[in-house]
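Single-structure report; data block below.
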Amino acid sequence: MKMLLKLALLENSSILAFDARLNPGTSEKVEKQLALCMLKNIEKMRQKDLDINPDFLKPELYSYNIPRHILKGLGLMAPGEKPRRGNSRASKRMNASDNRSRQGNAS
């Protein structure tokens, strides 16, 4: 079962947020595999210049047992970290997405 899950997550390209914390069958290893899959998909979407709704990015899910320096290198926040105003890639993406949604609401 674990190998099947690992292979499925390698092939997956759409999971951005999956909360398995309350699932009684979830182990730490499965949660870390899910976090790595989410990080991979977030990075793939960014490389394709696809906007990600900031509400979908949950640090407590994608950062499970992931070192803070890796998250920082990807421009992602760690749990409990406050969003910063600045030139980070994450804030640029979020601001661009917010601006487009405001323009759509104004029409």
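Where a number appears in this text, it was derived from the coordinates with a stated rule and is not lab data. Just so you know, these numbers come straight off a predicted model, no measurement behind them. Quick reminder, even Gly has a Cβ in these numbers, built from the backbone with ideal geometry, and neighbours come from all protein chains shown.
Tell me, what ³J(HN,Hα) does each residue in region 19-30 have, in order and in whole Hz, if you take phi through Karplus 6.51 cos²θ - 1.76 cosθ + 1.60 with θ = phi - 60° and put x for Gly and Pro?
Once rounded to whole Hz, the list reads 9, 10, 4, 8, 6, x, x, 7, 10, 4, 5, 5.
Could you please report the charge total around Ala78, scoring K, R as +1 and D, E as -1 over all other residues with beta-carbon less than 13 angstrom from its beta-carbon? Intermediate values should be presented prior to the final figure.
Numbers: positive: Lys58, Arg68, Lys72, Lys82, Arg84; negative: Glu60, Glu81.
Charge balance in the 13 Å sphere: +3.
Checking the a/c ratio against 1.5 first, then a/b against b/c, what shape does the Cα gyration tensor give for region 1-83?
Note, shape of region 1-83 comes out oblate.
Give the shape of region 25-65 as rounded, prolate or oblate, defined through the alpha-carbon gyration tensor: a ≥ b ≥ c are the square roots of its eigenvalues, a/c under 1.5 means rounded, and otherwise the shape is prolate if a/b is larger than b/c and oblate if not.
prolate
Once you've got the Cα coordinates, tell me which of Lys29/Lys82; Lys32/Lys82; Lys6/Lys48; Lys32/Lys72 are over 20 Å apart. If you can, show how the numbers build up before the last one.
Details: Lys29/Lys82 27 Å; Lys32/Lys82 23 Å; Lys6/Lys48 24 Å; Lys32/Lys72 17 Å.
Too far apart for the 20 Å limit: Lys29/Lys82; Lys32/Lys82; Lys6/Lys48.
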